[in-house]
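I have placed the structure first, in the form of structure tokens, so that the comments after it can refer back to it.
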Amino acid sequence: MALLRIVNYPEPVLLTVGEPVTQEEFNEDLRQLVDNMFETMYKAQGVGLAAPQVGVSKRFFVMDVPTDESESNKIAIINPEIIVQEGEQIGNEGCLSFPGIYTKIRRESRAIVRFQDVFGEWQELDANDLTARCIQHETDHCDGIVFLDRMSVLKREMAKRKIKKLQKEGKWV
Ligand code: NI
């Protein structure tokens, strides 16, 4: 396994709609990349990491959100389609492509996602709370949307100012 470089905002790949993973791409290369993304995510102490964040403009992500039922819920979600979104939750959110930026974001509290696993089999996951938040955040990455786009205008301006400051200080590359 190998660690991958996580790109920071505003790398163009983060703002580009990812290509779907095609049937012939469900192979060992994909599974190796998924393994490397898990390793990279755990090393960075994140709970989700999408392909565009490691420079791959494709629609998939890995996540592992601890829940009351289980400490590890490791899952790779390929070609996600959120088919149900309902309720509301407001909570703190961060992103590995925005190091040091955390802000409250409104999301739906429940999400059902239809997706393919690493072998191309279609599955469904019905999730609540933090897992639902993560699914929405990572599916956004697959669509070229970053959490900055989900902030209120005021919070977005504050975050942009902080990023500019960090860039000037050479602490954001
Ligand atoms: Ni993110």
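Miscellaneous remarks
- Among Ile112, Met158, Val34 - extreme Cα towards positive end, dipole of the chain, charges at beta-carbon: Met158
- Charged-residue dipole, Cβ positions (Lys, Arg, Asp, Glu), the chain about Cα centre, Debye nearest 20: 1420
- Separation of the Val17 and Phe119 label points, Cα + 7 Å toward Cβ, nm: 3.2
- Mean sequence separation of contacting Cα pairs (under 8 Å, at least six apart), scaled by the length of region 12-168, corresponds to a relative contact order of 24 percent.
- Cα-centred dipole magnitude for region 52-134, charges only on beta-carbon of K, R (+1) and D, E (-1), debye, nearest 20: 460
- Computed over the chain, the percent of Cα pairs more than 24 Å apart is 33.
- Cross-link reach is defined here as a Cα-Cα straight distance under 28 Å, omitting same-chain residues fewer than 8 places apart; for Lys168 the lysines meeting it are Lys43, Lys104, Lys155, Lys160.
- Only one residue of Thr139, Phe61, Ile90 has its Cα farthest out toward the positive end of the dipole of the chain, where Lys and Arg carry +1 and Asp and Glu -1 on Cβ, and that residue is Ile90.
- Loop sites by DSSP among the chymotrypsin sites (Phe, Trp or Tyr not before Pro) of the chain, restricted to those with at most 13 other Cβ atoms within 10 angstrom, leave 1-101 as the longest stretch without any of them.
- Qualifying trypsin sites (Lys or Arg not before Pro) in region 33-75, where qualification requires a DSSP coil assignment and no more than 13 other C-beta atoms within 10 Å, comprise Lys74.
We did not get these values from a lab; they are worked out from the coordinates using the rules stated. Everything numeric in this text was worked out from a predicted model, so none of it was measured. Counting neighbours? That spans all protein chains shown, and the Cβs are built from the backbone with ideal geometry, glycine included.
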